[in-house]
Amino acid sequence: MSWEVVIGLETHTQLQTRSKIFSGAAIAFGAAPNRQACAVDIALPGVLPVLNREAVVCAIKFGLAVGANIAPRSIFARKNYFYPDLPKGYQISQFETPVVSGGGLTVHVGEAEKFVHLTRAHLEEDAGKSLHEDFHGKTGIDLNRAGTPLLEIVTEPDMCSSAEAVAYAKALHALVTWIGICDGNMQEGSFRCDANVSVRKPGAPLGTRREVKNLNSFRFLQQAIDYEIQWQINEIEEGRQIHQATVLFDPDTGETRAMRSKEDAHDYRYFPDPDLLPLEITAAWIDEVRSKLPELPQAMQQRLATDYALSAYDAATLTSTREIAAYFEAVVAAAGTANAKLCANWVMGELAARLNRDELEFSASPVSAPRLAGMILRIADGTLSSKLAKEVFESLWTDAASSADTVIEARGLRQVSDAASIEPIIDAVLAANTKSVEEFRSGKDKAFNALVGQVMKASKGKANPQQVHDLLRKKLG
Amino acid sequence: MLEASLKQLSAALAQKKISSVELTTLFLERIEQYNPTLNAFVTLDHERTLAAARAADVQLAKVGAGGTASSRTVANMGAAAAPLTGIPLAHKDIFCTAGWRTTCGSKMLANFVSPYDAHVVERFSNAGMVMLGKCNMDEFAMGSSNETSHFGPVKNPWDTTRVPGGSSGGSAAAVAARLTPAATGTDTGGSIRQPAALCGLTGLKPTYGVVSRYGMIAFASSLDQGGPMAKSAEDCALLLNAMAGFDPRDSTSLERPAEDYSRDLEKPLAGLKIGLPREFFGAGMDAGVRAAVEAALAEYRKLGATTVEVGLPNSNLSVPAYYVIAPAEASSNLSRFDGVRYGHRAPDYADLNDMYAKSRAQGFGAEVKRRILIGTYVLSHGYYDAYYLKAQKIRRLIAADFAAAFKECDVILGPTTPSPAFKFGAKAADPVQMYLSDIYTIAVNLAGLPGMSIPCGFDNALPVGLQIVGPWFGEAKMLNVAHQYQLLTDWHHRMPSGLGKS
């Protein structure tokens with residue numbers, strides 16, 4: 001009998017503010033331990049939190065981007081528990097009234113489209129880090145991360161496979177980086193997921209869930225969910241019950257293991273933080289943020305597909321990051337809408353591959369959008385063949401001073417398209433390859449291609465391939 | 001000099017009749033003489049204090065030589081205010097002071113030196129005041145008798161077998177014994193007003209949000225408020241001018257135009273409407289206290305004030321509501337004292353939980369532990385609605401009671417405490433009896449209102465306090481009401497016998 005899988009994700013996104021959520025300390029990654037922790041962050045006696053407005057702007061942006069409700073009044077609460085890297089003995093978070101509720105994301109899983117509903121997104125502070133190595137039986141505490149602003153984004157249990165969960169996580173990752181609220185760096189922990197997983201027989205009530213914590217790559221997310229699903233199914237099929245638990249995923253073994261069970265779950269004693277006033281967000285503030293929000297990826301995808309007659313796949317790829325989209329739009333602006341498909345092919349093909357090989361971002365491309373557009377115009381008007389275009393692109397890549405036209409001129413790469421110039425070459429090739437001609441006439445189509453190749457070679461690649469094809473047919477026909 | 005007002009001290013300093021070093025030395029010598037008996041100060045540092053006095057003298061000399069006026073002005077101080085440069089002051093040991101030990105009356109912080117100054121401390125040092133030392137207090141401000149201090153109880157200068165009140169008992173005893181011209185205190189449920197009453201001085205708790213809590217070690221964040229303790233209302237007004245004002249580091253600090261709290265001191269009281277809550281004049285008040293308060297009311301009527309009975313029907317719920325809300329906030333506020341980063345850490349422990357348990361068991365006293373347990377309990381899953389939420393509802397009802405009462409009167413008067421100073425140990429064994437000594441003051445904190453206590457007579461040779469409660473932001477009115485009474489009476493000039501004058 002088959003099993004149904006139910007997955008909900010909680011994602012901690014680290015917000016791209018200049019300072020911490022409740023103090024003025026910087027949040028740059030990689031500083032020496034405790035060098036980015038001020039009196040507030042280490043919770044000295046007498047210090048008080050002050051909310052960073054930038055963090056609120058990030059939450060508003062997110063709420064707008066997912067079509068959620070932005071609470072006119074939300075409350076910061078204290079989540080009380082003892083841990084050495086939690087300096088106050090409580091985390092300031094939002095409990096009963098989060099800043100963002102509802103909304104959702106459309107995600108693509110293969111050909112299928114799915115809408116994942118969001119329960120809520122709330123602002124909170126990150127904890128510090130406990131360092132267990134290098135201290136010989138002791139634990140070191142680094143409070144640089146303490147107080148880093150987080151937006152915790154919680155979905156409804158809408159996903160039913162690891163593939164859907166990963167698709168959602170990728171879509172969310174693309175969105176938060178697109179609207180500029182998170183740098184998306186998963187290695188540094190700027191974007192990390194907790195997965196709530198349960199299984200049930202179709203039609204049965206929800207099964208008991210286990211929460212896999214702190215998954216900081218899409219691959220781990222998929223592996224952890226897949227392992228967890230199989231583990232739960234095995235447990236039930238072998239007659240055991242699933243107990244609610246928090247589990248950790250071990251990337252080395254690919255397995256999950258229980259960290260704590262429900263029995264020793266904390267009573268966090270949430271209550272409104274008396275040091276902070278309720279967070280009030282006016283309609284005017286929301287409007288101000290909305291006016292500065294970039295065009296959102298989904299809207300842009302539709303626009304690209306409609307305006308430039310691109311496939312849904314192309315439009316989705318070109319809007320996978322804001323940088324690609326901006327680059328593509330700049331190329332089209334210079335090369336003309338009529339050449340949009342050609343632009344898309346070059347941006348997603350040759351350029352993306354080359355950038356990827358050299359580990360460069362689109363914004364750092366050695367070939368600027370206008371230079372690429374210049375080359376595309378020469379392809380479109382027949383001056384350049386696709387083959388020679390690759391050669392021109394190579395020059396554009398290595399020589400920043402060059403343009404498509406200067407390269408074509410300097411190297412004589414102009415495509416030859418007049419029959420008077422091509423016919424003598426064909427005649428010479430036919431005369432020198434009587435064997436291939438015979439084979440073609442006896443029905444071997446392959447021989448025709450060999451002859452085309454010989455002509456192209458003899459023209460040093462400059463002959464218009466289509467014309468070579470047509471003339472050859474005529475002569476052999 | 002011991003009886004001089006801050007204004008008089010300021011004039012004497014400006015006119016070079018005395019230097020700040022001389023004035024400071026006078027008080028340091030009195031502290032040397034009487035503190036061993038009274039235990040009002042927990043930390044003294046003559047060198048630092050005298051260095052500050054010398055710096056003040058340099059400032060005063062510049063002004064005398066025609067220096068810039070700006071060095072004499074205090075931030076947010078009105079034109080009528082007297083400069084405070086060179087005048088000594090003592091701080092309750094709940095305010096963080098850079099370079100000075102800040103203990104909060106606890107073993108937990110017995111060796112803690114803050115790297116920064118509290119906002120209030122910063123304000124007074126910017127004003128040129130000279131810190132004499134840090135005053136003893138109930139541990140983490142939890143107490144009404146100063147018996148919970150890790151550093152031993154403070155003695156009441158009027159009768160050293162009796163408590164000075166709490167939690168600002170060290171500050172109160174120090175001012176009462178004239179070991180300092182003035183001191184800071186904090187008031188969460190009466191911790192300025194109750195010891196002011198028991199020691200015969202003038203103390204003021206401002207409207208919640210008027211004085212920044214930054215650097216003031218939190219007991220119950222939604223109730224805590226710092227304020228001045230001095231001999232007179234006039235002195236308190238000057239001190240409040242220096243203390244009050246918006247501080248962006250405290251989100252509950254109110255952004256309001258600067259006020260000169262002494263502006264209305266001299267206004268006549270004719271036509272003043274005094275509200276007398278019937279709930280504050282019922283059973284439970286000592287006869288001697290009642291007599292002193294009634295006599296004070298008679299003085300006010302002579303000044304042209306009228307009295308009207310008002311009702312605060314929910315005031316009987318204030319002590320229970322307070323003992324839910326304050327411990328709840330405290331249980332969370334005190335979580336940071338975990339032995340990890342600073343403060344007491346047990347010398348031996350088996351693992352992390354053992355370190356927490358031992359450090360906190362050793363570092364906190366019995367009353368603090370009791371309140372952490374109460375607070376933890378009322379916030380627990382399943383009890384939150386029944387206790388914490390209900391207490392918050394009561395709190396709103398109490399505030400509404402006051403709002404209604406202030407439609408009928410300008411200020412509310414009554415006793416500060418039901419009885420004068422009690423003997424050491426008299427209530428120590430029964431926490432509820434101890435909690436009831438704040439029965440008249442607690443409602444004011446729950447409502448966020450300003451309140452004062454001024455001396456209004458004696459009961460068996462022990463001072464009695466008259467409580468004045470103003471409407472929100474009614475500090476100037478309250479001070480006016482207090483000052484006019486102090487022009488007519490001399491209770492606030494009475495000094496405990498047995499303490500020599502110099």
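Considering (1) more than 14 Å from chain A (Cβ to nearest Cβ); (2) crowded, with 16+ Cβ neighbours inside 10 Å; (3) in contact with a Phe, Trp or Tyr (Cβ under 8 Å, 6 or more places away or on another chain), the lone condition that B:ARG290 does not fulfil carries the number (2).
Can you find, within the range B:381-439, the residue that is farthest from the other protein chains (Cβ to nearest Cβ) among those that are among the aromatic types (Phe, Trp, Tyr) and farther than 21 Å from B:PHE458 by Cα? Ranking the qualifying residues of the range B:381-439, first place goes to B:PHE406.
Every condition in (1) more than 10 Å from chain B (Cβ to nearest Cβ); (2) buried (at least 21 other Cβ atoms within 10 Å of the Cβ); (3) under 21 Å from A:THR17 (Cα atoms) holds for A:VAL116 except the one numbered (3). Looking only at the range A:98-115, residues that are in contact with a strand residue (DSSP E or B) (Cβ under 6 Å, 6 or more places away or on another chain) and not in a strand (DSSP E or B) come to 4 in all. Filtering the range A:379-395 to residues that are assigned to a loop (DSSP other than H, G, I, E, B) and not hydrophobic (A, V, I, L, M, F, W, C) leaves A:ASP381, A:GLY382, A:THR383, A:SER385. Determine whether A:ALA369 is touching a Ser or Thr at 6+ places or on another chain (Cβ under 9 Å) and surrounded by 14 or more Cβ atoms within 10 Å (Cβ to Cβ). So A:ALA369 fails the test. Filter the range B:17-52 for residues that are within 18 Å of B:ALA127 (Cα to Cα), of a type outside the set (S, T, N, Q) and in contact (Cβ under 8 Å) with a residue 12 or more places away in the chain and give the result. Within the range B:17-52, B:VAL21, B:LEU23, B:ARG48, B:LEU50, B:ALA52 meet the criteria.
Suppose the filter is at pLDDT 95 or above and under 16 Å from B:SER106 (Cβ atoms); does B:ASP348 pass it? Taking the combined requirement at face value, the residue does not satisfy it. Can you pull out the residues in the range B:245-270 that are free of Cβ contacts under 8 Å to residues at least 12 places away in the same chain, crowded, with 17+ Cβ neighbours inside 10 Å and of a type in the set (Asp, Glu)? Hits for the range B:245-270: nothing passes. Among the residues of the range B:332-345, those identified as buried (at least 24 other Cβ atoms within 10 Å of the Cβ) and in a helix (DSSP H, G or I) are B:SER332, B:ASN333, B:LEU334.
Residues in the range A:92-110: is at least one closer than 30 Å to B:MET355 by Cβ and surrounded by fewer than 20 Cβ atoms within 10 Å (Cβ to Cβ)?
Yes: the range A:92-110 contains one or more residues that are closer than 30 Å to B:MET355 by Cβ and surrounded by fewer than 20 Cβ atoms within 10 Å (Cβ to Cβ).
From the set of residues in the range A:223-282 that are of a type outside the set (Phe, Trp, Tyr), in a strand (DSSP E or B) and under 21 Å from A:GLU164 (Cα atoms), which is farthest from the other protein chains (Cβ to nearest Cβ)? If you could, list the steps in order and put the result at the bottom.
Looking only at the range A:223-282, we keep the residues that are of a type outside the set (Phe, Trp, Tyr), and these are A:223-226, A:228-230, A:232-248, A:250-267, A:269, A:272-282.
Within this subset, residues satisfying the condition of being in a strand (DSSP E or B) are A:245-248, A:250, A:255-261, A:272, A:279-280.
Next, from what is left, pick out any that are under 21 Å from A:GLU164 (Cα atoms): A:247-248, A:255-256.
Details: A:VAL247: 21, A:LEU248: 18, A:GLU255: 26, A:THR256: 24 Å.
Selected residue: A:GLU255.
Consider the range A:51-95 and keep the residues that are over 20 Å from A:GLY147 (Cβ atoms) and not in a helix (DSSP H, G or I). The one that is farthest from the other protein chains (Cβ to nearest Cβ) is A:GLY67. So is B:GLN484 more than 21 Å from the chain's Cα centre (by Cα) and either in a loop (DSSP other than H, G, I, E, B) or at pLDDT below 95 (or both) or not? In short, no. Can A:ALA315 be described as under 23 Å from A:ALA299 (Cβ atoms) and among the aliphatic types (A, V, I, L, M)? Judged against the criteria, A:ALA315 is a match.
Looking only at residues in the range B:85-109 that are among the small types (Gly, Ala, Ser) and away from chain A (no Cβ under 13 Å), the one that is nearest to B:GLU29 (Cα to Cα) is B:ALA90. Go through the residues of the range B:241-251 one by one and say whether even a single one is more than 14 Å from chain A (Cβ to nearest Cβ) and under 30 Å from B:LEU462 (Cβ atoms). Within the range B:241-251, one or more residues are more than 14 Å from chain A (Cβ to nearest Cβ) and under 30 Å from B:LEU462 (Cβ atoms).
The values are calculated or read from the model by the stated rules, or taken from the named source; none is laboratory data. Because the structure is predicted, anything quoted here is derived from the model rather than measured. Every residue, glycine as well, gets a Cβ built from its backbone with ideal geometry; the counts of neighbours run over all protein chains shown.
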